[in-house]
Amino acid sequence: SPNEEVVKTVRRVGDRLSAAAARPEIKQKLNIPDKLRLEWEFNVVADKSVNAFCLPGGKVVVNTGILAVCDTEEG
């Protein structure tokens, strides 16, 4: 997306998610091996569909259409 503010917001939320996923208790609950090191990458696509998805290795794509559903960063 060319909207830098949206990209910054998605990456800020992504940073919080990736930090949480690295916590030992979360890794244990999700059965994530300690040796696994994901290289998280959060990207935004200008698309009206309400969608987001994750690819192997920690690549995450968020469509701008989903942002209308999320009133705040916590959403």
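Just want to confirm a number: the relative contact order over the chain, from Cα pairs under 8 angstrom separated by 6+ residues, in percent. Taking the mean separation of contacting Cα pairs over the length of the chain, I get 27 percent. Assuming charge only on the beta carbon of Lys and Arg (+1) and of Asp and Glu (-1), the dipole of the chain about its Cα centre is about 320 debye to the nearest 20.
Projecting each Cα onto the charge dipole of the chain (Lys/Arg +1, Asp/Glu -1 at the beta carbon, about the Cα centre), which of V60, L36, V6 comes out farthest on the positive side? Checked the options; the winner is L36.
Cross-link partners of K8 among lysines, defined as those whose alpha carbon lies under 28 angstrom from its own and excluding same-chain residues fewer than eight positions apart: K27, K48, K59. Peptides 5-18, 45-58 ranked from most to least packed by the mean count of surrounding Cβ atoms within 10 Å: 5-18, 45-58. Pairwise Cα distances in the chain exceed 21 Å for 30 percent of all pairs.
Whole-Hz Karplus values for segment 64-71 come out as 4, x, 6, 5, 5, 7, 9, 5 Hz, taken residue by residue from phi with 6.51 cos²θ - 1.76 cosθ + 1.60 and θ = phi - 60°; glycine and proline positions read x.
Computed from backbone phi, the HN-Hα couplings of segment 12-18 come to 5, 5, x, 4, 5, 5, 5 Hz, rounded to whole numbers (Karplus: 6.51 cos²θ - 1.76 cosθ + 1.60, θ = phi - 60°; Gly and Pro given as x).
Just so you know, all these numbers are worked out from the coordinates, no wet-lab data involved. Predicted model only: the values in this text are computed from it and were never measured. Note: ideal-geometry Cβ built from the backbone for every residue, glycine included; neighbour counts use all protein chains shown.
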